[in-house]
1. Using the structure shown, decide if LEU67 is assigned to a loop (DSSP other than H, G, I, E, B) and closer than 12 Å to ILE25 by Cβ.
2. Looking at GLU40, GLU3, which one is within 23 Å of ILE83 (Cα to Cα) and either modelled with pLDDT of 70 or more or surrounded by fewer than 12 Cβ atoms within 10 Å (Cβ to Cβ) (or both)?
3. Take the residues in the stretch 50-84 that are closer than 22 Å to GLU39 by Cα and among the small types (Gly, Ala, Ser); name whichever of them is modelled with the highest pLDDT.
Amino acid sequence: MSELLDDQAQTPQVGVVCETFSACISLVAKSDFLSILPEEMGCDPLHGQGLVMLPVSEILPKAAYYLIQRRDSRQTPLTPSLITQFRRECGYLQS
């Protein structure tokens, strides 16, 4: 995102970095911050309270996605299915 803004000479001053979506959503909902979040997070009744979606006409740059799992935890039976679906969607987006 910063590369897109650099090209337009509009690099914002970043004052806060959140480690989790829930921390980011909570911060944005209780302040006047702007954030880029997946649309689904803004529509979620649990997380999206107090958020307003702003339409963005610019095409945002592609992002890298990672699957992360703690070493000391076991996968639930649903996890392999979710991983497969995640990989399918990422493959679909690359085509």
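1. Numbers: assigned to a loop (DSSP other than H, G, I, E, B): yes; closer than 12 Å to ILE25 by Cβ: no.
In short, no.
2. Answer to the check: GLU40.
3. SER57
The values are calculated or read from the model by the stated rules, or taken from the named source; none is laboratory data. Remember, predicted model here, so these are calculated numbers, not experimental data. Virtual Cβ from ideal backbone geometry, glycine too; neighbours counted across all protein chains shown.
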